[in-house]
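Derivation of every value follows stated rules applied to the coordinates shown; laboratory data play no part. For clarity, every value in this text was computed on a predicted model and none was experimentally measured. Note that each Cβ is placed from the backbone with ideal geometry, even for glycine, and that neighbours are counted across all protein chains shown.
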Amino acid sequence: MDWKDYFKGKRVTLMGLGLLGRGVGDARFLAEQGVELVVTDLKSEEDLADSLAQLKQFSNITFRLGGHSLEDFKDRDLIIKAAGVPLDSPFIAEAKKNGVPVRMSADLFMEFSGVASVGITGTRGKSTTTHLIAHILKEAGKSVLLGGNVQGVSTLALLPQVQADSAAVLELDSWQCQGLGEAKISPHVAVFTTFMPDHMNYYKNDMAAYFADKANIFLFQKPEDVLILGEQVMPDAKKYGFKDQILARTVIARTQDIPAEWRLKIPGEHNRYDAALAAAAVRALGVEENVIQKAIESFDGVPGRLQFLREIKGVKIYNDTTATVPEATIAALYALGDESKKNIVLIMGGADKGLEMKGLLAEIPKYCKKVLLLAGTGTERVKSELPGSPIYGTMAEAVGFAIEGAEDGDIVLMSPAFASFGMFKNEYDRGDQFNKAAEKVT
């Protein structure tokens, strides 16, 4: 069925509007198709003011804010849920009890687009790998649709842009992969970058459940489809019972697959690992090796992912706001640090996700001359392990004191290792505040 026919006249509930733009894009797309739309969110009208302002022209949207109502999950044709809404939600249960399909933006797009899809998941590295794949395909002259877990992009709203030769490149978090499982859909080329503890507050410390959601990226692939598995993931694929599903058709990507003479702009071994994953994915789509090398070497990176901002008085400043797990901050220290100099002034801390911090706490003294902490529940848990590290209630204060304490040759690195909630709306807001503070320093 054509997607226009599918949505025409439907009664749809969109569960989760949010502040990142994806929900707004979904709502706008659905309203433009003439659906009778209910948008419901736990946040208040005041919290969602910016998002609501972008939808005020649509008379076919009813808003239910500050909580959900069971009535919006029955007598409907479709529920579209946002990432992070648990499948055991009583509202999702109400929909299923009443026979109402529950879907997500990404899997609906994959069903109706009819084009080659590349899906990328993993605990770390998925954003860089996703954007690098899109960059390579564009350099190869392909028409690329970039979506999934991308700030400000509604994947559903990409449907009108689909052309016969398009390739969809979709970053997929564990919840979007959960949606693939519900829809029994997997991308034509699946890329699984890394697997390590994250979102354990959601998964109740059950790594097997976390892996099972991620595994939906390949479980419904057809025999002609391709799975690219990062070397780091293989032991976990076997450990959590997916050995039989992956070994027959899997390409294993390793850091050493990227030749030493290839000069990447993005620093760190972890980025060469991401490049190996991206190269394997585009090879599966027929991109030639010389194009792959040229594109990888010209890639500037992704904002907020070990992003170089500026240098002032010999001090280099990096924004790594998407480092929301300790392993990501460790990778940043390895990429930028020098044990012989201890030249990093690290800004870290934030909201707790219940992750093990011992590894990071052991590495910090090797590379960091000073640590400044951002207030939050996670910071409270580790502050006793970082004596002499002041806690700041604003990003501007932290950045100001970080640069004041840095010398020629030092690096100011904001790589939090924790979630952003509390001081910030989200990790993008945290990164934006860091950028603004860094720009003001003279």
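Hey, could you grab the Kirkwood Rh for the chain? Inverse mean 1/r over distinct alpha carbon pairs, Å, one decimal. Show your work: numbers first, answer last.
Working: mean 1/r = 0.0439 Å⁻¹.
Roughly 22.8 Å, rounded to one decimal.
Summarising the overall dimensions of region 183-242 from its C-alpha atoms, the Rg and Dmax are 11.8, 37 angstrom. Peptide packing: for 317-327, 223-233, the average count of neighbouring Cβ atoms within 10 Å per residue gives the ranking 317-327, 223-233, highest mean first. Taking 0.36 nm per residue of separation and subtracting the current Cα-Cα distance, fully stretching the chain between residue 238 and residue 69 would add 56.7 nm. Computed from backbone phi, the HN-Hα couplings of region 228-240 come to 9, 10, x, 3, 5, 7, 3, x, 6, 4, 6, 4, 9 Hz, rounded to whole numbers (Karplus: 6.51 cos²θ - 1.76 cosθ + 1.60, θ = phi - 60°; Gly and Pro given as x).
Out of 203, 336, 23, whose Cα points farthest toward the positive end of the dipole of the chain (charges: +1 Lys, Arg; -1 Asp, Glu; placed on Cβ)? Ranked along the dipole, the leading option is 203. For residue 155, nonlocal amide neighbours, meaning residues 5 or more places apart or on other chains whose placed amide H falls under 5 Å from its own, are 148. My understanding is that a pair violates if its Cα-Cα distance is over 24 Å; which of 126/184; 316/366; 358/436; 4/184; 10/138 do that in this structure? From 126/184; 316/366; 358/436; 4/184; 10/138, over 24 Å: 358/436; 10/138. Per the Debye calculation on region 227-370 with a single equal scatterer at every Cα and no solvent contribution, log₁₀ I(q)/I(0) for q = 0.10, 0.16 Å⁻¹ amounts to -0.45, -1.03. 3J(HN,Hα) along region 350-367, derived from phi through the Karplus expression 6.51 cos²θ - 1.76 cosθ + 1.60 where θ = phi - 60°, amounts to x, 7, 6, 10, x, 8, 6, 10, 4, x, 5, 4, 6, 7, 3, x, 6, 10 Hz, with x in place of Gly and Pro.
Calculated FRET efficiency, residue 442 to residue 45, Cβ-Cβ distance, R0 = 51 Å: about 0.80 to the nearest 0.05. Each peptide in 254-262, 206-214, 48-56 receives the mean, over its residues, of other Cβ atoms within 10 Å, and ordering these scores from highest gives 206-214, 48-56, 254-262. Counting only Cβ charges, +1 for Lys and Arg and -1 for Asp and Glu, the dipole size of region 1-145 around its Cα centre is about 360 debye.
Positive end of the dipole of the chain (Cβ unit charges, origin at the Cα centre): among 392, 183, 73, the Cα lying farthest that way belongs to 183.
3J(HN,Hα) couplings calculated from phi for region 208-216 with the Karplus curve 6.51 cos²θ - 1.76 cosθ + 1.60 (θ = phi - 60°) are, in sequence order, 5, 5, 4, 5, 4, 5, 4, 5, 4 Hz; Gly and Pro show x.
Note on region 190-339: dipole from Cβ charges, positive end direction compared against 268, 229, 219; the farthest Cα belongs to 219.
Full-extension gain between residue 404 and residue 2, please, as 0.36 nm times their residue separation minus the C-alpha to C-alpha distance. Display every interim value, and only then the final one.
Values: separation 402, 0.36 × 402 = 144.72 nm, distance 5.92 nm.
Here the segment from residue 404 to residue 2 would lengthen by 138.8 nm.
Annotation for region 375-395 versus region 69-114: alpha-carbon center distance of 39 Å. The slack between residue 262 and residue 53, meaning 0.36 nm per residue of separation minus the straight C-alpha distance, is 70.6 nm.
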